[in-house]
Amino acid sequence: MPERKEVKIGILAVQGDFGAHAAMLEQLGAKTAEVRTPADLEDCDGLILPGGESTTQLKFLQEEGLADKIVKFAKRGGAIFGTCAGAILLAKDVKHPQQDSLNLMDMTVVRNAYGRQIASDVVSGPTTLKNEPLEMVFIRGPVIERAGPGVKVLAKYAGKPALVQRENIMAATFHPELTDDTTVHEYFLRLAGTGAKQPANGVKSSS
Amino acid sequence: MEVKKPNGSGNGNKGSNEWRVKVGLAEMLKGGVIMDVTNAEQAKIAENAGACAVMALERVPSDIRKEGGVARMASIKVIREIMKTVTIPVMAKVRIGHFAEAEVLQALEVDFIDESEVLTPADEENHVWKHDYRVPFVCGARNLGEALRRIAEGAAMIRTKGEAGSGNVVEAVRHMRAIVSQMKKLTTMRDDELMHEAKELGAPLDLVRQIAKTGKLPVPNFSAGGIATPADAALVRRLGAEAVFVGSGIFKSSDPEARAKAVVKATTHFEDAKAVLEAHEELGEAMRGLDVRQMEEKDLLSTRGS
């Protein structure tokens, strides 16, 4: 187990592969909590928005009052990591088709950009997080078409950003939780452990 | 929380990339509701209500029961319209053993294929060899033996058969309890007892040994067949279903939109009775439902394919 102060990560458990994220984080020694109500987020250092269906998840966030709570959590400096559907929820602009979002990352995301399930694949791409290429599982994945100023690209696939970070917010278009490689989650845990210093701001609302 | 890695098919391609993305999509559907729809308009209602996927079929199971005749793969035109209308994954059903229908649906690029007992079986002995496809398959099961045979054939998701189109949850409960308790039993057995147990179950030994170790199926385990109310959805979730399929229960009720939303809510908050109560408020009448005990053997769908 890596040594670090125990970090508690909430995982949005509305719908999707929240169990796979929990398994990986627990393997790294973090505490996890399923988040279904605003109260569940109270004492978390970080929050994961897992893969799943972004339309389903978004409806739930809006109806249960969780959307506002998550935005406040981010402004307070809480670390957030969205994978696939989670990345779509974080993006400022969502295309194909247009969809509302939490607007926490200045980027444009195109949904289902590779096509339907038959185009889903396991690939690899270069990353700044380690020397070898990062294995990436894409499942009906989106593409980051535009990353705004100040958005750091931590990994790429086919020339497009696949893992990005801006201050306390991270987003991946693939599923690191479906691999045996813990690199990305370790990076997120460090971010959550040292968080609360650099709240996300400066993303201008388009609405 | 549960620990599960989406790999291990019990077949030669254990952990292959193709297998990983097939089980991966099943993982993405966990915690959600997959709704039966027969046209694009219903698909839109399902998506708006928060369904995580839709199942395209020609007639919902309760109509198949009523009208009789041969139930086949849905019309391509209808499936295509549904695929164009919604952004959530679109599943479609093929008859048991009808690999040519399955190839057609793969060519159409549906996201998931359900080799389903709800349609009239095309083969009374053999199922489709699902490893041959890039598109993932879901299959029904009444017990652990069936579930493991389907997984060995390449199913990336298992669902209880229940008794489709009955509006009666009793069979789904029976099947989910059977699968879960048979898995629990395996975890208590000695290594030298597993071969006999595999023989009794009619399941491949390597999968039996795997369950003995993990206590869980190597693929997501969902529930289907007779789920008609929010509390039904909460019930099967509590018994171990990781997501639910709702067929006739939504579009055969008096209030499809409200009911679809309510079932989604109860499925997410399955452990929170207050939320399930809220889901039940202001609902109209559920579908009428059938007493499975009064039905004749020939009318049961769940006994097809084993």
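The values are calculated or read from the model by the stated rules, or taken from the named source; none is laboratory data. Here the structure is a predicted model, which is why all the values come from computation and not from measurement. No Cβ is skipped: glycine too gets one built from the backbone with ideal geometry, and neighbour counts run over all protein chains shown.
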_Residue satisfying all of: in region A:91-138; touching a helix residue (DSSP H, G or I) at 6+ places or on another chain (Cβ under 9 Å) and of a type in the set (Asp, Glu); farthest from the other protein chains (Cβ to nearest Cβ) among these_ = A:Asp100
*Out of the residues in region B:214-256 that are modelled with pLDDT of 95 or more and among the acidic types (Asp, Glu), which is nearest to B:Gln182 (Cα to Cα)?*
B:Glu242
*In region B:169-190, the residues that are buried (at least 24 other Cβ atoms within 10 Å of the Cβ) and either under 19 Å from B:Arg304 (Cβ atoms) or free of Cβ contacts under 8 Å to residues at least 24 places away in the same chain (or both)*: B:Ala172, B:His175, B:Met176, B:Ile179
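Given the residues B:Val54, B:Val90, B:Val78, B:Val94, which is the only one that is more than 25 Å from B:Arg259 (Cβ to Cβ) and in contact (Cβ under 8 Å) with a residue 24 or more places away in the chain?
B:Val94
Every residue, every condition in (1) in contact with a strand residue (DSSP E or B) (Cβ under 6 Å, 6 or more places away or on another chain); (2) under 18 Å from A:Gly148 (Cα atoms), yes or no:
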| residue | (1), (2) |
| --- | --- |
| A:Pro97 | no, no |
| A:Asn103 | yes, yes |
| A:Met107 | yes, yes |
| A:Arg111 | no, yes |
| A:Arg116 | no, no |
| A:Ala119 | no, no |
| A:Ser124 | yes, no |
| A:Thr128 | yes, no |
| A:Pro133 | yes, no |
*Considering each of A:Ala13, A:Ala30, A:Ala39 in turn, give the residue that is within 9 Å of chain B (Cβ to nearest Cβ) and of a type outside the set (D, E, K, R).*
A:Ala13
*Failed condition for A:Leu49, given (1) modelled with pLDDT of 95 or more; (2) more than 26 Å from A:Ala33 (Cα to Cα); (3) within 14 Å of chain B (Cβ to nearest Cβ), with all others met?*
(2)
*Across region B:58-103, what is the number of residues that are small (Gly, Ala, Ser), more than 14 Å from chain A (Cβ to nearest Cβ) and not in a helix (DSSP H, G or I)?*
6
*Filter pass, B:Glu242 being among the acidic types (Asp, Glu) and either over 30 Å from B:Leu186 (Cα atoms) or without any contact (Cβ under 8 Å) to a residue 60 or more places away in the chain (or both)*: no
*Scan region A:55-90 for residues that are hydrophobic (A, V, I, L, M, F, W, C), away from chain B (no Cβ under 11 Å) and under 10 Å from the mean Cα position of the chain (by Cα) and report the count.*
6
